[in-house]
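Undergrad: I have a structure I would like to understand better, so I am pasting it below and will then ask my questions one at a time.
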Amino acid sequence: MTDFNDRERAEEAKFARDEEMHFRIHARRNRLLGEWAAQRMGLSAVEAEAYAKSVVQADFEEAGDEDVIRKVLGDLVSAGQDVSEGDVRAALDAKAVEARRALMGEA
């Protein structure tokens, strides 16, 4: 019975680590997307940092990526940038890969 309990605890620990990594990857991805958008909008370094944080916060509004995409797309369009939803989605995908690579390199 001890082997079963040990295996169960190990699976629960692995699940918790995987969930934490998933959260960290998404948060970093969103920050990187915010930095990308800030650069396109010509924000200063301080403004870009604040904007990147606001993009991370936007992800807590609803499940999925639509809240982040909506925020970034709206802000870019408001800033007069010629950008489409497809451009933002492509940047989001690219930043996800970049975030995963960066976090896996840290591990």
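Every number here is computed from the coordinates shown, using simple stated rules; none is lab data. Note that this is a predicted model, so its numbers are computed, not measured. Positions of Cβ are backbone-derived with ideal geometry, glycine not excepted, and every protein chain shown enters the neighbour counts.
Undergrad: Kindly put M41, M21, M104 in sequence by how many other C-beta atoms sit within 10 Å of each C-beta, fewest to most.
TA: Values: M41 17, M21 14, M104 10.
So the residues, fewest neighbours to most, are M104, M21, M41.
Undergrad: Right, here's the next one. Hey, of [x] 70, 18, 15; [y] 64, 26, 21; [z] 59, 32, 17, which did the structure itself give for Cα extents along the principal axes in Å when calculated?
TA: [y]
Undergrad: Under a Cβ-only charge scheme (Lys and Arg +1, Asp and Glu -1), can you give me the dipole magnitude of the chain about the Cα centre, in debye to the nearest 20?
TA: On the way: 16 positive and 24 negative charges, 74 e Å.
Dipole size: approximately 360 debye.
Undergrad: I'd like to compare 48-58, 10-20: which one has the highest average count of other Cβ atoms within 10 Å, and what's the full order after that?
TA: Numbers: 48-58: 17.2, 10-20: 10.1.
Peptide ranking by packing, descending: 48-58, 10-20.
Undergrad: What order do you get for L43, L32 when you list them from fewest to most C-beta neighbours inside 10 Å?
TA: On the way: L43 18, L32 21.
The most exposed by this proxy come first: L43, L32.
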